[in-house]
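> First the structure, which I've put down as structure tokens, then a few questions once you've had a look.
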There are 2 protein chains.
Amino acid sequence: MSLPEKVTIIEVGPRDGLQNEDNFIDTETKKEFIKKLELAGIQEMEITSFVSPKWVPQMKDAVSIVNARPREVRAIALVPNRKGIEKLLETDCKDIAVFVGVSDSFNRKNINKSTRESMAELKPIIAELKADGFFIRACISTAFYCPYEGKVSTLDTLKLCHEFAKAGVDELSAADTIGMATPIESFLLFSKLKKELPTIQLTAHFHDTRKMALANIFAALQAGIDRFDTSAGGIGGCPFAPGASGNVATEDVVYMLGRMGIETGVDLDRLVDAIDVITPHLSRKIDSGFYRFSKGGHQP
Amino acid sequence: MSLPEKVTIIEVGPRDGLQNEDNFIDTETKKEFIKKLELAGIQEMEITSFVSPKWVPQMKDAVSIVNARPREVRAIALVPNRKGIEKLLETDCKDIAVFVGVSDSFNRKNINKSTRESMAELKPIIAELKADGFFIRACISTAFYCPYEGKVSTLDTLKLCHEFAKAGVDELSAADTIGMATPIESFLLFSKLKKELPTIQLTAHFHDTRKMALANIFAALQAGIDRFDTSAGGIGGCPFAPGASGNVATEDVVYMLGRMGIETGVDLDRLVDAIDVITPHLSRKIDSGFYRFSKGGHQP
């Protein structure tokens, strides 16, 4: 059994983790959270989103967050459309994420466009920004299952990934948006992606909704994947059921990888410091295994 | 990647799950719980423990539980020592579990004997009972880590397993008692056990304390293991931190295996019926992924 020796953690907490929080979290707290994540050793991170403040008021401070971003790490802003890009271009940030759902229904519910329409809008944007030296990460939602359509065809997922690769993106992050993928499905999809797109940065994004996230990560490692999206505290990630987990927790992933001798460069104690900054402002409690233990449990 | 086609679930909820509940749960409720688990398709199950009612009052109704046990499935009673055996022999139950910790410190804390002393007591008992046609399951606690000693030597674990095998037990259940084993450790230990003890029934017992249980099960499957201890609702299992998970939840394991096309014979809806019987009597809430979803979440 051969696993990578090093793994890159892409922290999505400040963006994916906070966007579903109804109460506005003040900008200084967000900046402090991001700063502490950087101090914990995070090298790549989604920090905010240039969405309409009408739809996601939590992200209305995107410009301020981007302007205060750490410069030593890759601090990525999500931009859903051309409007978002225009806003982003007011800043000097050149690391962005775009997203499209493989499933039409999911994409429509999210951004009121079909998958095709989204791609048609994004391709020229990607071309322009690449010409201008941007780093572009493409997030592939519903790469395995869709909450409206059920099973998503692997062929459709692969096709969309190829399309993004051809458009020139630097990174592909394939997401199990509703936490339904099994380790076998994880292994199969990522083995194919690794084989068909060997030169692009491939990232796996798992949700712990049904407790399979670490199993899926272990399977993806076996497929050669060495980049994982995670969220400090496991915050965010579209949980569909009350109390259900969303994003897999950064600390649980870092703990498991570290214990298997796989280097991430992330310091767990400092990661807990970062989570401590944000927890008082969240509507939900943190239920990651490691965070619970760090708060007084028995840890030999 | 080759995985078993079928898996046997050994349900430990009625024993391991309930023994740490401080409030006595009435005997009829326990019987109903066991009955519903049988109806869900469970074929092997730990139903009670013949421990001193002084130490574990929850199990004071062991004789009554054993006498009312389902006869179509393997209903196992845990017996920690000769005293327990004497009590058990008042019934007609011939399926038992014994347990020993690989770690001396753990074994002492649990039953006030060194591992050696436990083995010295158990070996003649095993010989007697085997001669009398008993089925004997040996539970190996702290097979990976000990809460007092830290890392447990794999050699010590293997040695104890060999000793039990030589003593004539039918089944070996190796447990990650504090939920610290990684998938790699799971794969390595169970690969060795499978190779060195190919004829004995080998079972893996994982705790979800650090969210690695399903990953460990996925790794053990790859090592050829097709028997897993699980607990309906994830109840029990020595959680050392408040709110921390203990035993991996039967429903999460059955869900993952089923979704990978691995047959368990367990019906998830009926399993939820069984959990519904016991939840009102528990001091903790159920936090398994599947159970949460079964209660109104979005499940495509």
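Read-outs: derived from the displayed coordinates by stated rules, not from any lab. Treat the numbers as computed from the prediction; the structure is a model and nothing was measured. Note that we place each Cβ from the backbone using ideal geometry, even for glycine, and neighbour counts take in every protein chain shown.
> Hydropathy first: keep DSSP H helices in chain A averaging at least -0.5 on Kyte-Doolittle, then drop any whose Cα extent along the axis falls short of 15 Å, and list what survives. Please list the in-between numbers first.
Working: long enough: A:27-39 (18 Å, -0.97); A:115-131 (24 Å, -0.12); A:154-167 (20 Å, 0.06); A:183-196 (19 Å, -0.03); A:268-278 (16 Å, 1.07).
The answer, listed by residue number, is A:115-131, A:154-167, A:183-196, A:268-278.
> Between chain B and chain A, with a rotation axis joining them, whose C-beta in B is nearest that axis, and what is the whole-Å distance?
Of all Cβ atoms in B, the one closest to the rotation axis yields B:A215, 2.
> Now for a different question. For A:K192 paired with B:K192, estimate the spin-label separation in nm (one decimal), with each label point 7 Å from Cα along the Cα-to-Cβ line.
Simple spin-label model gives 3.8 nm for this pair.
> Follow-up question, since we're still on this one. Just to confirm the numbers: A:S153, label point 7 angstrom along the Cα-Cβ line, distances to the other copies in nm, shortest first?
Output for A:S153: 5.8 nm, nearest copy listed first.
> Could you tell me whether region A:8-294 comes out rounded, prolate or oblate from its Cα gyration tensor? Rule is a ≥ b ≥ c as square roots of the eigenvalues, rounded for a/c under 1.5, then prolate if a/b exceeds b/c, otherwise oblate. Mind showing how you got there, number by number?
Working: a/c = 1.36, a/b = 1.07, b/c = 1.27.
It is rounded, given that a/c, with a ≥ b ≥ c, falls under 1.5.
> What value, in deg cm²/dmol to 500, does the helix sum -39500 (n - 2.57) over DSSP H runs of n ≥ 4 give at 222 nm once divided by the residues of the protein assembly as shown?
-11500 deg cm²/dmol
> When the distances between all Cα atoms of the protein assembly as shown are binned every 20 Å from zero, what whole-number percent does each bin get?
21, 51, 24, 5, 0
> Pull out the extension gain between B:H281 and B:K123, defined as 0.36 nm times the separation in residues minus the alpha carbon to alpha carbon distance; nm, one decimal.
Numbers: separation 158, 0.36 × 158 = 56.88 nm, distance 3.74 nm.
53.1 nm is the gain from fully extending B:H281 to B:K123.
> Quick one: divide the alpha-carbon radius of gyration of region A:21-132 by 2.2 N^0.38 Å and tell me what you get. Don't skip to the answer; put the middle values down first.
Details: Rg = 14.6 Å, N = 112, 2.2 N^0.38 = 13.2 Å.
Taking the Cα Rg and dividing by 2.2 N^0.38 Å, one obtains 1.11.
> With label points built 7 Å along Cα→Cβ from the Cα atoms of A:A68 and B:K295, find their separation and express it in nm.
3.8
> Straight-line reach from B:K211: which lysines fall under 18 Å, measuring Cα to Cα and dropping same-chain residues less than 8 apart?
B:K211 reaches A:K211, A:K285, A:K295, B:K285.
> Let me ask something else about it. Which whole number gives the average, over all residues in A:212-222, of C-beta atoms from other chains lying within 10 Å of the residue C-beta?
Working: counts 8, 4, 11, 12, 4, 2, 12, 6, 0, 3, 5.
Per-residue shielding by partner chains comes out at 6.
> Can you list, shortest first and in nm, the gaps between the label point of B:M260 and those of its counterparts in the other copies, using a point 7 Å from Cα in the C-beta direction?
Values, ascending and in nm: 1.3.
> Continuing with the same structure: For B:S52, place a label point 7 Å from Cα along the Cα-to-Cβ direction in every copy; what are the distances to the other copies, in nm, shortest first?
From this label point to the equivalent ones elsewhere in the assembly: 7.1 nm.
> Please work out the ratio of the alpha-carbon Rg of region A:70-203 to 2.2 N^0.38 Å and round it to two decimals.
Details: Rg = 14.7 Å, N = 134, 2.2 N^0.38 = 14.1 Å.
It is 1.04.
> So, one more: Check the straight Cα-Cα distances from A:K192 and name the lysines below 17 Å, setting aside those fewer than 8 residues away within the same chain.
Output for A:K192: A:K159, A:K166.
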